[in-house]
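To start, the structure under review is shown below, and the notes come after it.
The values are calculated or read from the model by the stated rules, or taken from the named source; none is laboratory data. Being a predicted model, the structure only gives us computed values, none of them experimental. Neighbour counts run over all protein chains shown; Cβ positions are idealised from the backbone, glycine included.
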């Protein structure tokens with residue numbers, strides 16, 4: 001089990017400069033993820049869980065301490081480390097098929113192999129029949145399936161998921177959690193999933209990493225010693241969930257009233273592009289004058 | 001391998017049906033109604049014109065009757081005169097627009113991609129854009145004479161300004177989160193530009209093309225008014241000097257119709273190129 005890829009995070013700190021002051025998003029965090037393991041990270045907003053995920057994926061490299069993947073230091077994004085964002089971040093001008101294929105843009109496969117992999121991946125996430133659909137034609141759940149397919153299509157060693165189901169309704173969310181668990185079991189890909197949903201963390205994780213905010217630290221790592229696939233109704237699962245909730249409450253109750261400050265990295269940017277009209281309006285207000293049509 | 005949990009299946013749930021496959025049966029009827037509505041004002045105007053000339057509110061030399069203008073139009077079509085002048089104008093506009101739009105695309109991309117280029121160029125550019133195209137003609141005339149070069153430059157300038165500003169704004173408007181996806185997938189700068197930035201900026205660039213063509217067209221007529229011996233603008237001046245207001249009106253209608261058709265053509269091609277962009281407004 002330990003022979004395959006392995007993610008080792010040791011003594012990692014990350015500070016952001018916010019309004020001239022220093023904000024410690026992560027403070028001396030260490031975490032080892034075994035190959036093939038499903039690790040979930042849970043915590044209140046501001047605990048640095050997304051920051052930790054971005055560091056692990058190599059999207060952010062400004063940190064103290066060391067992060068190693070398969071024995072090599074993480075110095076940037078790599079195709080061996082896939083990532084799925086909370087918003088699916090599909091490109092609206094590409095079909096589902098071509099969005100997924102972007103994950104293979106820089107992979108060394110032949111055209112035919114890429115086509116096969118894309119088709120296989122789309123089928124795996126249950127989107128067969130929607131290959132030619134554009135993102136605006138998809139529901140939120142379907143769009144996130146496509147996002148997961150794009151993250152998986154290159155068969156990464158590790159897949160990082162940043163609150164992938166956070167924006168979905170409860171029913172869709174439960175379905176996708178179940179399917180993600182199936183995919184994980186079938187494909188043997190190490191997964192690290194960040195969430196603020198304790199049920200989700202306990203249902204999916206082999207281990208649940210509980211983090212506490214200000215500064216972001218790992219409070220406790222709770223093993224979930226139940227075989228997959230799991231029944232949501234299991235009483236063992238319920239007691240572990242209550243245990244995790246207790247830890248979370250004990251870490252946040254003293255400063256519960258003031259909601260944690262958002263981290264700079266986790267700010268959601270609007271995904272929608274300005275259309276021609278907005279663009280024109282925007283021009284008008286921002287860089288007057290546009291030019292009137294009366295001009296010749 | 002049979003590790004599929006019981007409470008989920010792999011097919012999308014009923015609540016996940018795609019939202020865009022709506023019945024579109026009523027769209028043709030709606031399209032026809034809108035077409036009919038669009039004709040109300042032109043016909044109203046025509047009626048007002050007819051009444052005005054019939055009642056003799058204005059002297060006939062100034063406002064010829066619709067019937068007279070119509071027969072002049074038929075004459076000019078039959079003789080090919082109107083096509084000759086329209087052809088001259090169109091050729092100028094195509095050449096000038098291509099120069100201006102390409103230059104605007106490049107400049108706008110440079111400004112959109114580089115903060116530094118933008119900081120250097122934008123203030124001067126905006127001041128430059130403030131000067132109406134017509135205002136450039138006296139100076140340009142002294143430098144380039146009144147030949148084709150002058151016209152091409154003036155037309156190109158008409159396209160350059162909207163093209164530059166809209167391209168830059170479009171590139172700036174591409175969400176950071178999209179660029180980050182490219183980063184995570186290890187896209188090179190060129191891949192990011194080709195696969196993310198340019199497609200993302202496309203709607204705005206298209207707006208620039210449309211504005212640019214409209215401006216080129218109006219600039220063309222302007223420059224032909226001042227310095228030309230052929231083209232639709234020339235026809236306008238010549239008709240006025242001869243006091244042939246019927247010719248003037250025919251030329252005006254030709255300018256309007258051609259401009260309208262160019263814009264409409266771009267609209268159609270824009271919808272086609274951006275099929276992904278759901279403009280029906282669900």
Checklist entry - more than 19 Å from residue B:160 (Cα to Cα) and touching a residue at least 24 places away in the same chain (Cβ under 8 Å), is that true of residue B:272? => result no
Next on the checklist: For the stretch A:168-178, which positions are facing chain B (nearest Cβ under 9 Å) and either touching a helix residue (DSSP H, G or I) at 6+ places or on another chain (Cβ under 8 Å) or closer than 13 Å to residue A:152 by Cα (or both)?
Outcome noted: A:169, A:171, A:172, A:175, A:176, A:177
Next on the checklist: Given the condition modelled with pLDDT of 90 or more, over 13 Å from the mean Cα position of the chain (by Cα), buried (at least 22 other Cβ atoms within 10 Å of the Cβ) and in a helix (DSSP H, G or I), answer yes or no: does some residue in the stretch A:204-225 qualify?
Outcome noted: yes
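Let's see how each residue does on (1) in contact (Cβ under 8 Å) with a residue 24 or more places away in the chain; (2) within 13 Å of residue A:90 (Cβ to Cβ):
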residue	(1), (2)
A:116	no, no
A:137	no, yes
A:140	yes, yes
A:147	yes, yes
A:150	yes, yes
A:158	yes, no
Checklist entry - Got at least one residue in the stretch B:154-170 being surrounded by fewer than 16 Cβ atoms within 10 Å (Cβ to Cβ) and part of a helix (DSSP H, G or I)? => result no
Next on the checklist: Restricting to the stretch A:160-181, name every residue that is assigned to a helix (DSSP H, G or I) and either surrounded by 20 or more Cβ atoms within 10 Å (Cβ to Cβ) or touching a residue at least 12 places away in the same chain (Cβ under 8 Å) (or both).
Outcome noted: A:172, A:173, A:174, A:175, A:176, A:177, A:178, A:179, A:180, A:181
Next on the checklist: within 18 Å of the chain's Cα centre (by Cα), outside any helix (DSSP H, G or I) and facing chain B (nearest Cβ under 10 Å): which single residue out of A:154, A:106 fits that description?
Outcome noted: A:154
Next on the checklist: For the stretch B:158-194, which positions are within 30 Å of residue B:137 (Cβ to Cβ) and more than 7 Å from chain A (Cβ to nearest Cβ)?
Outcome noted: B:158, B:159, B:160, B:163, B:164, B:167, B:168
Next on the checklist: For the stretch B:256-276, check the following and say yes or no: at least one residue is crowded, with 16+ Cβ neighbours inside 10 Å, modelled with pLDDT of 85 or more and more than 30 Å from residue A:95 (Cα to Cα).
Outcome noted: yes
Checklist entry - If you check B:130, B:61, which single one turns out to be surrounded by fewer than 20 Cβ atoms within 10 Å (Cβ to Cβ) and touching a residue at least 12 places away in the same chain (Cβ under 8 Å)? => result B:61
Item to check | Flag if residue B:200 is assigned to a helix (DSSP H, G or I), at the interface with chain A (Cβ under 7 Å from one of its Cβ atoms), touching a helix residue (DSSP H, G or I) at 6+ places or on another chain (Cβ under 8 Å) and in contact (Cβ under 8 Å) with a residue 12 or more places away in the chain | outcome: yes
Checklist entry - From the list B:131, B:152, which one is at pLDDT 90 or above and more than 7 Å from chain A (Cβ to nearest Cβ)? => result B:152
Checklist outcome for this item: Within the stretch B:137-155, the residues that are within 25 Å of the chain's Cα centre (by Cα) and closer than 15 Å to residue B:95 by Cβ are B:148, B:149, B:150, B:151, B:152, B:153, B:154, B:155
Checklist entry - If you go through the stretch A:59-72 one residue at a time, do you hit one that is within 26 Å of residue B:197 (Cα to Cα), in contact (Cβ under 8 Å) with a residue 60 or more places away in the chain and crowded, with 16+ Cβ neighbours inside 10 Å? => result yes
Checklist entry - Got a number for residues in the stretch A:114-130 being within 9 Å of another protein chain (Cβ to nearest Cβ) and assigned to a helix (DSSP H, G or I)? => result 2
